[in-house]
1. Taking amide H positions as placed in the peptide plane 1.01 Å from N, state which residues far from Glu75 in sequence (5 or more) or on other chains have amide H under 5 Å from it.
2. With a point put 7 Å past each Cα toward its Cβ, work out how far Leu8 is from Asp53 in nm, to one decimal.
3. List every residue whose amide H lies under 5 Å from the amide H of Lys97, counting only residues 5 or more places away in sequence or on a different chain, with H placed 1.01 Å from N in the peptide plane.
4. Give the peptides 36-42, 16-22, 5-11 in descending order of average Cβ contacts within 10 Å, highest first.
5. Please list, in order along the stretch 72-83, the HN-Hα scalar couplings obtained from phi with the Karplus expression 6.51 cos²θ - 1.76 cosθ + 1.60 (θ = phi - 60°), rounded to whole Hz, x for Gly and Pro.
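Nothing in this text is a laboratory measurement; each read-out follows from the coordinates by a stated rule. Computed from a prediction, not measured in an experiment: that's the story for all the values here. Cβ: placed from backbone, ideal geometry, glycine included. Neighbour counts: every protein chain shown.
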Amino acid sequence: KFAMFEVLREDEFSPLKNSDSAEKDTPTTARHALFNLHHRWVLLAGGSFIEEDGTAIPPIPSRKEDVNEYPVVCEVSPLLSYGGEGLEEHVNGKEFKSPLLLLSTTEQNDKEPDVKKIRED
């Protein structure tokens, strides 16, 4: 038997085969793809991002001066959500500043990271 799934490339694939000195398929582009995916999960779950001065970051942020930095650094632990599911109860109606690291309760009890996070109730 043979099965095939059609998926969005940006959700499921980010090649990593070159060093950061190359233009594409680098550790930096893979990291940006993950930030982008997790950023979209938070937006879809009802959360939003704001700049340090409180102005809203648009759903599709632009890269300002440094094209090597993704404008929203957002990481969701796979122990909290594997595919964006269940994030509504944690982010809906809330505003976040980058960087954001969303951890499970277990991970929060293990260590205190240097980034803003929300706690599971």
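1. Correct list: Leu100, Leu101, Leu102.
2. About 3.0 nm, to one decimal.
3. Ile50
4. On the way: 36-42: 21.0, 16-22: 10.0, 5-11: 8.4.
Ranking, from highest mean packing down: 36-42, 16-22, 5-11.
5. These are the phi-based 3J(HN,Hα) values: 10, 9, 9, 10, 10, 4, x, 7, 8, 7, 8, x Hz.
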